[in-house]
Amino acid sequence: MIDTLREMFSYTFLVRAVVVGLLVALCASLLGVSLVLKRYSMIGDGLSHVGFGTLAIATAMNAAPLTVSIPIVLLAAFFLLRISENSKIKGDAAIALISTSSLAIGVMVISLTTGMNTDVCNYLFGSILAMSNDDVTLSIILAVVVLGLFVLFYNKIFAVTFDETFARATGVRSGLYNMLIAFLTAITIVLGMRMMGALLISSLIIFPALTSMRLCKKFKTVTVCSAIVSTLCFFCGVVISYIKATPTGASVVLVNIAAFLLFSALRYVPWAKLKSRFLPPKETGMPDRPDSHEREVS
Amino acid sequence: MALIVCQDASFAYEGNTVVSGLNFEVNSGDYLCIVGENGSGKSTLIKGLLGLKVPSDGRILISDELKTSETGYMPQQTAAQKDFPASAYEVILSGRLGSRGIKPYYSRKDRAIAEENIRRLGIADLRNRCYRELSGGQQQRVLLARALCAVGKLLLLDEPVAGLDPVVTQELYLLIEKINKEMGVTVVMVSHDVRSAVKFADHILHLRQEQIFFGSAEDYMKSGVGAEFMGGVNEL
């Protein structure tokens, strides 16, 4: 195993991919908790399709993919957020509209320039070879910015996620923080898209959050747990894809599915019984352990 | 000392007037209950008092001593909150956020205030429990504790007892009364429950797309509209 890993990391492109991938997985999982709870999961999906379109255009124009994609996807994030906040237009339909339009534009641009070839496949399902050195630098800087802003605004993001009206009523500028969440998501998606693929990147956002919500009962533990789950799953996925020569994006998603099923199953383990059998009874404390909260039948 | 003065205010959604002709004032230490049927503009008025909605006509004068960051608010629960993975303590502490301004983290004082409100509402045993696993009444208490964390002089409650059983409802009313009397917090509450409103509140504002009564609770019972509405409650 160690030898395989050593061999794997002797390839610089793999090291680059893993570094960027881990950072993206981390950012995506943190933002994912908020997005899933706010019922904004579809925004992530919509943004990744917009990213596909911009990526195709950037390649056609021979421009640096990230520098073209990021501003356009940020703009899309702004509009998607506006759409879902405006109750007059049905949010999910509008998101579907935008995502399919960008998909179609992207496919059209690719077929007119390079022709329908492996490029399309790489964009849709990801390729581990996609990262250049410049990309890595930019990705690391942006990922650090995303992480920093998330940690700095953690409490505000919690408040806005849990109860926007209350947050607004007590003077928190919830519109601003919604926008922040959407922008950070947009950046994360563009960074991870070429490796994970436009169709699969949103799984990095949704899976870890849902997985940790199976077991964790506090916002903080959900956030920390999904960060750990996400990075672990990504790493395992990349190693599997290296050993078995499978597509990276799909491998990562499959590992995520496995984690989700595992956590769902763990839910049914009678923790309280196990605890009382193997551990001496304890009156108070133990706040973070899932076994200290028995389900209440109300 | 008037905290809020409403002068001929109206509220509208996209040009359709929801409620109009609002003339009332809330003084420091008052317990005002806003009653009326569904769609009579109660929740809209609360949004107006919070400054989340601008009156389409008339004015709402808010006293200088009442800062937005010091108004406690207990909104109606949303569907998304019902399965939210957060501990009660996290929810309660988030009530302090408004007073933090741009400072990102809570101070020791914020935590102390949260603890104080947890004690005050008698929910110490819930603090580490998961919000989504609490019963309806427990969730309301947690939300009330959160509102108290934000409270300075004014507490706004939007149907705090909706969907609760009679015993829990009564407990919650007693808690709110205690907050009003002992802490000296001005309370403005929206409610369907006219009987309790008359029993606990000292002022009543009755809305039906417009203001049809404003005055003390005793006058309300004597007035035609009050008697009719309280009689009508039995049929609901």
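Criterion first (surrounded by fewer than 19 Cβ atoms within 10 Å (Cβ to Cβ), touching a residue at least 60 places away in the same chain (Cβ under 8 Å) and of a type outside the set (D, E, K, R)) does B:Leu66 satisfy it?
yes
Give just the number: which of (1) within 19 Å of A:Leu22 (Cα to Cα); (2) within 14 Å of chain B (Cβ to nearest Cβ); (3) crowded, with 21+ Cβ neighbours inside 10 Å does A:Val224 not satisfy?
The single condition A:Val224 does not satisfy is (3).
Check the stretch B:12-20 and report whether any residue there is surrounded by 15 or more Cβ atoms within 10 Å (Cβ to Cβ), of a type outside the set (D, E, K, R), within 19 Å of the chain's Cα centre (by Cα) and assigned to a strand (DSSP E or B).
yes
Output yes when any residue across the stretch A:87-109 is assigned to a loop (DSSP other than H, G, I, E, B), within 14 Å of chain B (Cβ to nearest Cβ) and of a type outside the set (Val, Ile, Thr), and no when none is.
yes
State all residues of the stretch B:91-103 that are of a type in the set (A, V, I, L, M, F, W, C) and either in a loop (DSSP other than H, G, I, E, B) or within 7 Å of chain A (Cβ to nearest Cβ) (or both); if no residue qualifies, say none.
Of everything in the stretch B:91-103, those that are of a type in the set (A, V, I, L, M, F, W, C) and either in a loop (DSSP other than H, G, I, E, B) or within 7 Å of chain A (Cβ to nearest Cβ) (or both) turn out to be B:Val91, B:Leu97, B:Ile102.
Got a sec? Which strands (runs of 3 or more DSSP E) wholly within the stretch B:22-90 have at least 1 residues that are within 13 Å of the chain's Cα centre (by Cα)?
Qualifying strands (runs of 3 or more DSSP E): B:31-35, B:71-74.
B:Thr71: touching a residue at least 24 places away in the same chain (Cβ under 8 Å), hydroxyl-bearing (Ser, Thr, Tyr) and within 11 Å of another protein chain (Cβ to nearest Cβ), yes or no?
So B:Thr71 passes the test.
Could you run through the stretch A:159-184 and say how many residues are buried (at least 23 other Cβ atoms within 10 Å of the Cβ), under 22 Å from the mean Cα position of the chain (by Cα) and among the hydrophobic types (A, V, I, L, M, F, W, C)?
6
Is there any pair linking a residue in the stretch B:104-126 that is within 14 Å of chain A (Cβ to nearest Cβ) and farther than 16 Å from B:Ser94 by Cβ to one that is at pLDDT 85 or above and surrounded by 11 or more Cβ atoms within 10 Å (Cβ to Cβ), with Cβ under 9 Å and at least six apart or on different chains, and which?
B:Ala124/B:Glu115; B:Ala124/B:Ile118
Which numbered condition in (1) β-branched (Val, Ile, Thr); (2) over 30 Å from B:Arg129 (Cα atoms); (3) within 14 Å of chain B (Cβ to nearest Cβ) is the only one that A:Thr188 fails?
Among (1) β-branched (Val, Ile, Thr); (2) over 30 Å from B:Arg129 (Cα atoms); (3) within 14 Å of chain B (Cβ to nearest Cβ), A:Thr188 violates only (3).
Residue by residue, here is whether (1) at positive phi; (2) modelled with pLDDT of 90 or more; (3) among the polar types (S, T, N, Q) holds:
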| residue | (1), (2), (3) |
| --- | --- |
| A:Arg6 | no, no, no |
| A:Leu22 | no, yes, no |
| A:Cys27 | no, yes, no |
| A:Leu81 | no, no, no |
| A:Ser102 | no, yes, yes |
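Return the only residue of A:Val20, A:Val50, A:Val24, A:Val36 being within 14 Å of chain B (Cβ to nearest Cβ), buried (at least 18 other Cβ atoms within 10 Å of the Cβ) and of a type in the set (A, V, I, L, M).
Selected residue: A:Val36, the only one of A:Val20, A:Val50, A:Val24, A:Val36 that is within 14 Å of chain B (Cβ to nearest Cβ), buried (at least 18 other Cβ atoms within 10 Å of the Cβ) and of a type in the set (A, V, I, L, M).
The values are calculated or read from the model by the stated rules, or taken from the named source; none is laboratory data. Quick caveat, the model's predicted, so the values are computed rather than measured. A quick note on method: Cβ atoms are made from the backbone with ideal geometry, for glycine too, and the neighbour counts reach across all protein chains shown.
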